Amino acid sequence: MFVLWPIASLTAVTKNQHPILHMVDIAGNPTGKTLEQTSVHQIALAGMLESGAVLGFHYRGGLEAMGGKAGKPLVWTIDGEKGTVLLEEDPESKSMRTSRHYLNGEKVVIAPDGKTNTGRAWAEFAKGPGGKYPTLDDAVQAKKIVNAIARSAEEGKKIDI
């Protein structure tokens, strides 16, 4: 169900890099208006999977989609026994729908199937016991990971899961 799972322990750092948002119009020109912003823009973590593999993750939010700071909010590299998988997200993406995929340096084109993640899950659920879809247990485990990230960032220490 998950690419990297289960996580045994992690250490996280989170940061609100942009506590004040400077509003712009549709052309990207400053309006002079500001807005307080309280969520984090940077999430960095290191950890161990139960398999013994090392996990490293860094998500960079708050990047400008046009001009300004160049960069991709998410670059995910998975090194395995048979090669390397690389996934890159474009700055304007909000849901990984404009991501690019590479296998051992070669671009891999994944044809769109017209479904959302929810649609794919329902299609798998409809298959019955043989379907591969997220369960309540998966959601509980994911929530444990999110809570561990928040707790580690707040307390500044490694969290065993």
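For segment 1-40: of the residues being in contact with an Asp or Glu (Cβ under 9 Å, 6 or more places away or on another chain) and of a type in the set (S, T, N, Q), which is farthest from Glu155 (Cα to Cα)? By that ranking, first place goes to Thr31.
Test of understanding: among Val75, Val3, Val13, which residue is open to solvent by 70 Å² or more (accessible area, probe 1.4 Å), modelled with pLDDT under 80 and assigned to a strand (DSSP E or B)?
Within the list Val75, Val3, Val13, the selection yields Val75.
The single condition among (1) modelled with pLDDT of 90 or more; (2) over 16 Å from the mean Cα position of the chain (by Cα); (3) in a helix (DSSP H, G or I) that Thr118 does not satisfy is (1). Contact map, segment 9-25: residues that are over 16 Å from Ala44 (Cα atoms) paired with residues that are modelled with pLDDT under 95 and β-branched (Val, Ile, Thr), Cβ distance under 8 Å, separation 6+ or inter-chain. Pairs shown: Pro19/Thr38.
The residues listed here are Gly56, Gly68, Gly128; of these, the one that is surrounded by fewer than 15 Cβ atoms within 10 Å (Cβ to Cβ) and at pLDDT below 85 is Gly68.
Note on segment 135-161: among residues that are touching a residue at least 60 places away in the same chain (Cβ under 8 Å) and open to solvent by 80 Å² or more (accessible area, probe 1.4 Å), the one that is nearest to Ser9 (Cα to Cα) is Asp160.
The values are calculated or read from the model by the stated rules, or taken from the named source; none is laboratory data. Predicted model only: the values in this text are computed from it and were never measured. Cβ atoms come from the backbone with ideal geometry, glycine included; neighbour counts cover every protein chain shown. Surface areas here come from the heavy atoms of the whole protein model, side chains and all, with no ligands, DNA or RNA. Shrake-Rupley method; radii C 1.70, N 1.55, O 1.52, S 1.80 Å.
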